[in-house]
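**Student:** Here's a structure for you.
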Protein chains: 2
Amino acid sequence: MHVIVVGAGIIGLSTAWNLRRRGIGVTIVDPAPAMGASHAAAGMLAPAAEVVWGQSPLYPLMRASADLYPDFAAELTAVSGHDLGHTSAETLVCAGDRADLASLRELMILQSSAGFDVSLISVSRARDLEPSLAPGVCGAVTIPGDHSIDPRRITGALISVLGDDLVRACVTSLLKTSGRTVGVELDNGTRLSADQVIVAAGASCNDIAGLPTLPLRQVWGEVIRLRAPQALAPLLTRTIRGLVNARPVYIVPRTDGELVLGATSREDGRSGTNAGGVHQLLRDAERLVPAILDCEITDITTRARPGSPDDVPIIGRIDPGCVVSTGFFRHGILLAPLGAGLTADLATRADTAWAPPGSLAAVGPERFEAEHPPAETQNAQQHTISIQQPAGSHP
Amino acid sequence: MHVIVVGAGIIGLSTAWNLRRRGIGVTIVDPAPAMGASHAAAGMLAPAAEVVWGQSPLYPLMRASADLYPDFAAELTAVSGHDLGHTSAETLVCAGDRADLASLRELMILQSSAGFDVSLISVSRARDLEPSLAPGVCGAVTIPGDHSIDPRRITGALISVLGDDLVRACVTSLLKTSGRTVGVELDNGTRLSADQVIVAAGASCNDIAGLPTLPLRQVWGEVIRLRAPQALAPLLTRTIRGLVNARPVYIVPRTDGELVLGATSREDGRSGTNAGGVHQLLRDAERLVPAILDCEITDITTRARPGSPDDVPIIGRIDPGCVVSTGFFRHGILLAPLGAGLTADLATRADTAWAPPGSLAAVGPERFEAEHPPAETQNAQQHTISIQQPAGSHP
């Protein structure tokens, strides 16, 4: 059996590696491997802190993937010889002001009720743990189980393992025979055939001809990488997340001293680095850790994350020869081991009993095929706001 | 006659071009031509707006160089065929709040008394001129004579004209014979000889062995380049300078739509891009032109400007074979025609009667050779603060 994986981000690469370990031949096609959303990602393995309202189908997936991570990382480290920058330091979630603290308390109840180990600690205790916290921080939650890893090191390790199977080109379309995908066509005209094609092209899936249009949003965001001056290093030993005037912000300290500050979310379709996004990140991070402004900016990365309508990934079979795996939004790094396993199982028609019950249903693309248009759409006309042009205005 | 010019920034290049036009052979040596302070510069030709307290020796120099600019730019455009991005749009200086307006009024009196054409205009008039100004702006001064030009285009044009005479290497030391500079040694071991050596290496002059130590400060600064989205372009048609909580900030619109936002000043010796500097620029610019946050950041450049103790350039003869030309701080672009002329005159022992009276005395390095140490230094011991270690503290 031979499988073509379209896309060499964290999902495509980890799926290809999963298949390879099953003894299946793979070819991975990407014009710029690991330079998409994975290149921007901060790498928080945060099943608890990522629990937010209205995304209950996501919680068991995040928990299951977090549970898979230690083995996933250990195996990849062993086979590649790469240090993945994994750290089991806890996460501290901080409140910028009293209103943010109220939100944090409510969120903590939700996270607790989802079965995660979270606890409110005093500000003085938080400051004992992280002396760089701002005087204005007025409450904190510890999440011992939320760790972090370096996504650029993971993809680097995966590429070192899979490099021989990597084709640097862009897939322009799926090749079909009688409704079955049988291969792909590249932008250089080359045609590759395979028993199965896995499309894991992140936010770019809808650029591939022959694939049904997926309900993907491009959610752009800026991420700033920094380095503390020698006199302040290490500035942080834990991941600091926070709510600042209700806006989420995080600072992830890497084992090599790098600090990753993120992440904005915008859907304006603009691929450039937004000045307002950079401003927001620095301003909000300063509220939690003032010394962030004494650091050196080493990198600003702007990328589109592939968002689905419900922020749950889209993994499923499209036709007898094609499986799609995308829509991981801001959970791609955490969900990689689970997503890779489910995707590889679908491609090989293997059993997914190892995954949490209902996983495939939760991620299946068919969940968006509503039988009837929702009531709001039917009644839309009643809500139309009529705009009257003043007399004599432009005809 | 043959002259070696050490440094291919705006000063070294324009000096070399000046010499070339006199029929003199030149060799310019720089490891990275035009990538120092000139690469960061915004290119304001602002003799009036740069008038600040306590720098009276600078005013006639700035005025004289501004007067030289039209011919300088026209000749360089003609000989190179390059568009230099010169615009004669006026400068608007805006006040962030009432206190800033008070400072602006006082500054305007100084600028007027120095003979420049500046006038206070109403906020509504300012907003007529530049609709992007923030509602909070509470006063503005117009300076019709302050224009701008693109420094990267100037150096590009000069390099295109002088490229055959450019050696990409680093000068490590001056070669001397009986106290006279006779050439330079490069980092690749090559030795070049010349009748005269001009050291115009900006903030790096003190890295060159054999040159007396100059009283240069490295004044680091961040400059952000932006581009407005199509819907907002052109965001500005004039250079916007401002005082925001007493901090200076400027936004220079380029003829090609680029916006140059600067500039911070720090002397911490750190060559990296400072997060606090980027934050300050975006925060203060937003106070004057809120839509700056809707723009795309295309570039952040951090460079050291060569500052002298009194912010006036240092141009003078060091020995019979060597002339130095540095210390232009944030006036390098504006002062290039004047500085190049004075430096070339010194190197060729030509007459400088064309320059404002007292120019050479104002820029001469000998002005820093004080006869006696200042009183403060002599009495420094009286001001020593004694810090008592508490009993039992670290030994």
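**Student:** Scan region A:258-275 residue by residue and report those that are at pLDDT 95 or above and crowded, with 20+ Cβ neighbours inside 10 Å.
**Tutor:** Scanning region A:258-275 gives A:259, A:260, A:261, A:262, A:264, A:273, A:274, A:275.
**Student:** Starting from region B:176-188, take each residue that is farther than 20 Å from residue B:31 by Cβ and list its partners that are open to solvent by 50 Å² or more (accessible area, probe 1.4 Å), counting only C-beta distances under 6 angstrom and pairs at least six apart or across chains.
**Tutor:** Pairs found: B:180/B:320; B:182/B:193.
**Student:** Restricting attention to region A:104-133, which residues are surrounded by 12 or more Cβ atoms within 10 Å (Cβ to Cβ), among the polar types (S, T, N, Q) and farther than 23 Å from residue A:286 by Cβ?
**Tutor:** Selection gives A:111, A:112.
**Student:** Do the conditions hold for residue B:101, that is, is it surrounded by fewer than 22 Cβ atoms within 10 Å (Cβ to Cβ), of a type in the set (A, V, I, L, M, F, W, C), closer than 24 Å to residue B:330 by Cβ and touching a Cys at 6+ places or on another chain (Cβ under 9 Å)? Write out each step before concluding.
**Tutor:** Working: surrounded by fewer than 22 Cβ atoms within 10 Å (Cβ to Cβ): yes; of a type in the set (A, V, I, L, M, F, W, C): yes; closer than 24 Å to residue B:330 by Cβ: yes; touching a Cys at 6+ places or on another chain (Cβ under 9 Å): yes.
In short, yes.
**Student:** Related question: Scan region A:24-31 and give yes if some residue there is in a helix (DSSP H, G or I), at pLDDT 95 or above and either under 30 Å from residue A:278 (Cα atoms) or open to solvent by less than 10 Å² (accessible area, probe 1.4 Å) (or both), otherwise no.
**Tutor:** No, region A:24-31 has no match at all.
**Student:** While we're here: Evaluate the following for residue B:330: is it at pLDDT below 95 and either under 28 Å from residue B:149 (Cβ atoms) or within 14 Å of another protein chain (Cβ to nearest Cβ) (or both)? Give the derivation first.
**Tutor:** Values: at pLDDT below 95: yes; either under 28 Å from residue B:149 (Cβ atoms) or within 14 Å of another protein chain (Cβ to nearest Cβ) (or both): yes.
Spelling it out, residue B:330 is indeed at pLDDT below 95 and either under 28 Å from residue B:149 (Cβ atoms) or within 14 Å of another protein chain (Cβ to nearest Cβ) (or both).
**Student:** I would also like to ask the following. Sort through A:255, A:302 and tell me the only one that's under 21 Å from the mean Cα position of the chain (by Cα), among the β-branched types (Val, Ile, Thr), closer than 25 Å to residue A:47 by Cα and at pLDDT below 95. Reasoning before the result, please.
**Tutor:** Numbers: A:302 fails: at pLDDT below 95.
Just one listed residue meets the conditions, A:255.
**Student:** Go through region B:249-277 and give me each residue that's within 11 Å of another protein chain (Cβ to nearest Cβ) and assigned to a loop (DSSP other than H, G, I, E, B).
**Tutor:** B:268, B:269, B:270, B:271, B:272
**Student:** I'm trying to understand the selection: among the residues of region A:177-236, which are assigned to a loop (DSSP other than H, G, I, E, B) and of a type in the set (Val, Ile, Thr)?
**Tutor:** First, the residues of region A:177-236 that are assigned to a loop (DSSP other than H, G, I, E, B): A:178-179, A:187-190, A:194-195, A:200-201, A:208, A:210-216, A:228-229, A:233-236.
Passing the criteria: A:190, A:208, A:213.
**Student:** Return yes when residue B:201 is of a type in the set (A, V, I, L, M, F, W, C), away from every other protein chain (no Cβ under 11 Å) and crowded, with 18+ Cβ neighbours inside 10 Å and no when it is not.
**Tutor:** It is true that residue B:201 is of a type in the set (A, V, I, L, M, F, W, C), away from every other protein chain (no Cβ under 11 Å) and crowded, with 18+ Cβ neighbours inside 10 Å.
**Student:** A follow-up question, please. For residue B:255, indicate whether it is more than 30 Å from residue B:366 (Cα to Cα), among the polar types (S, T, N, Q) and surrounded by 16 or more Cβ atoms within 10 Å (Cβ to Cβ).
**Tutor:** Values: more than 30 Å from residue B:366 (Cα to Cα): yes; among the polar types (S, T, N, Q): yes; surrounded by 16 or more Cβ atoms within 10 Å (Cβ to Cβ): yes.
Judged against the criteria, residue B:255 is a match.
**Student:** Applying the selection to region B:278-299, what residues are surrounded by fewer than 23 Cβ atoms within 10 Å (Cβ to Cβ), more than 7 Å from chain A (Cβ to nearest Cβ) and touching a Ser or Thr at 6+ places or on another chain (Cβ under 7 Å)?
**Tutor:** Once the filter is applied, which keeps residues that are surrounded by fewer than 23 Cβ atoms within 10 Å (Cβ to Cβ), more than 7 Å from chain A (Cβ to nearest Cβ) and touching a Ser or Thr at 6+ places or on another chain (Cβ under 7 Å), region B:278-299 yields B:280, B:291.
**Student:** If I ask for residues that are in a loop (DSSP other than H, G, I, E, B) and open to solvent by 30 Å² or more (accessible area, probe 1.4 Å), which ones from region A:164-176 would you list?
**Tutor:** Filtering region A:164-176 down to residues in a loop (DSSP other than H, G, I, E, B) leaves A:168-170.
Once the filter is applied, which keeps residues that are in a loop (DSSP other than H, G, I, E, B) and open to solvent by 30 Å² or more (accessible area, probe 1.4 Å), region A:164-176 yields A:168, A:170.
**Student:** Specify the residue that is farthest from the other protein chains (Cβ to nearest Cβ); the eligible residues are those in region A:305-318 that are under 16 Å from residue A:199 (Cβ atoms), within 14 Å of the chain's Cα centre (by Cα) and assigned to a strand (DSSP E or B).
**Tutor:** At the first step, the residues of region A:305-318 found to be under 16 Å from residue A:199 (Cβ atoms) are A:306, A:308, A:313-318.
Within this subset, residues satisfying the condition of being within 14 Å of the chain's Cα centre (by Cα) are A:306, A:308, A:313-314.
Checking which are assigned to a strand (DSSP E or B) leaves us with A:306, A:314.
Values: A:306: 22, A:314: 30 Å.
Only one residue fits best here, namely A:314.
The values are calculated or read from the model by the stated rules, or taken from the named source; none is laboratory data. On a predicted model such as this, the values are computed, not experimentally measured, just so you know. Don't worry about glycine lacking a Cβ; one is built from the backbone with ideal geometry, like all the others, and counts go over all protein chains shown. These area figures cover heavy atoms from the full protein model, side chains too; ligands, DNA and RNA do not enter into them. Shrake-Rupley method; radii C 1.70, N 1.55, O 1.52, S 1.80 Å.
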